[in-house]
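One structure is given below, encoded as structure tokens.
Every read-out reported here was derived from the displayed coordinates using simple, explicitly stated rules and does not represent laboratory data. On a predicted model such as this, the values are computed, not experimentally measured, just so you know. We place every Cβ from the backbone using ideal geometry, glycine too, and count neighbours over all the protein chains shown.
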Amino acid sequence: MPQFDNAMKIAWNRVILTVIILGMIIWLTVALFSGRQKEFICNGVNIVMENDGKLVTCDDVRDIIKESRILGIGKPVYGSDLKKLEELLSSKSYLTNVRIKNTSNGVVNVIFRQRVPAVILSDCNGDLFYLDSEAYLFPMSKKKAYDVPLVAVKLQITKKGKMAKDSLFAYRLLDFIGFVSKNSFWNKRVRQLEIDKNENMVFTDCSDSICIRFGEMTKYEEKMNSLQTFYTKIKPQEKYKIIDLRFNKRIVAVK
């Protein structure tokens, strides 16, 4: 019986060893195959910008990729390289919705959208930022300026990104700017605005150099429509220095 037990133990040990060896072979085969699937030779880079804008061009993005040396024509590319490139481009404040995709022929597609400023914000320190339609803040480009309204705010802006605690203010401001930009009468008149800590707004009519004391940005459509009526029916006969809209449903004009 002892001899039989020893034989059984040896047989079971061989079975276990065989299973372990087969498992390792299968694991190594899968790992090697997966690795080869993730690796390919780069045959080119295709830049796709999904919207129009002035802050960046496809050539600018191509230069960023070239300087990074993450991709090289004729060189092997790994999945980690594509992830690294996506992280690099996503870190650029003027780019959004960045996706990197490789094709079956080895061409890497770089797809992105660029942020389009809706307004320029000047904070209490005089620093300039762009604010896009999603209330995303990013530093103003010194090379490529956008022709959008300039708003001086009594706030200190220190970081890029969403306006955090002031996001409601940002969306109210964007709503007002959106209304003005789509209105043919006000579009070229309202270009410079000032907003204090209580969100009271003052702007200057660029056409006539009239100071408009607007007050809070609430009911802005009603206020602007009343002001336009005043402009077209009353103002042509008189010259005013200040027009005050802070009073409920009343316009106070000062000569």
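Kirkwood's formula applied to the C-alpha pairs of the range 117-254 gives a hydrodynamic radius of 15.6 angstrom.
In the structure shown, the pairs Lys182/Lys219; Lys54/Lys142; Lys219/Lys239; Lys219/Lys249 are assessed against 21 Å; a Cα-Cα span above that value is assigned to Lys219/Lys239. Charged neighbours of Val107, selected by a Cβ distance under 14 Å, balance to +3 (K, R count +1; D, E count -1). Each Lys and Arg contributes +1 and each Asp and Glu -1, all at the Cβ; summed about the Cα centre of the range 117-254, the dipole is approximately 140 debye. Sequentially through the range 249-255, phi angles give Karplus couplings (6.51, -1.76, 1.60; θ = phi - 60°) of 6, 9, 10, 10, 10, 10, 7 Hz, Gly and Pro residues having no value and appearing as x. Placing unit charges on each Cβ (+1 for Lys and Arg, -1 for Asp and Glu) gives the range 40-114 a dipole about its Cα centre, and among Val56, Ile100, Ile41 the Cα reaching farthest toward its positive end belongs to Ile41. With a ≥ b ≥ c the root eigenvalues of the C-alpha gyration tensor of the range 42-161, is it rounded (a/c under 1.5), prolate (a/b larger than b/c) or oblate? Because a/c hits 1.5 or more and a/b exceeds b/c, the range 42-161 counts as prolate. Peptides 41-54, 112-125 ranked from most to least packed, by the mean per-residue count of other Cβ atoms within 10 Å: 112-125, 41-54.
Can you give me the Kirkwood hydrodynamic radius for the range 180-255, using every pair of distinct Cα atoms, in Å to one decimal?
Taking the inverse mean of 1/r over all distinct Cα pairs, the range 180-255 comes out at 12.6 Å.
Using the Cβ-Cβ distance between Asn51 and Lys154 with R0 set to 45 Å, the FRET efficiency from 1/(1 + (r/R0)^6) comes to roughly 0.90. Pair-distance distribution of the range 46-92: all C-alpha pairs, bin width 5 Å, starting at 0; shares per bin in whole percent are 4, 18, 29, 28, 12, 6, 2. Give me the number: length gained by fully extending Glu87 to Ile242, i.e. 0.36 nm times residue separation minus the C-alpha to C-alpha distance, one decimal in nm. Length gained, Glu87 through Ile242: 50.7 nm.
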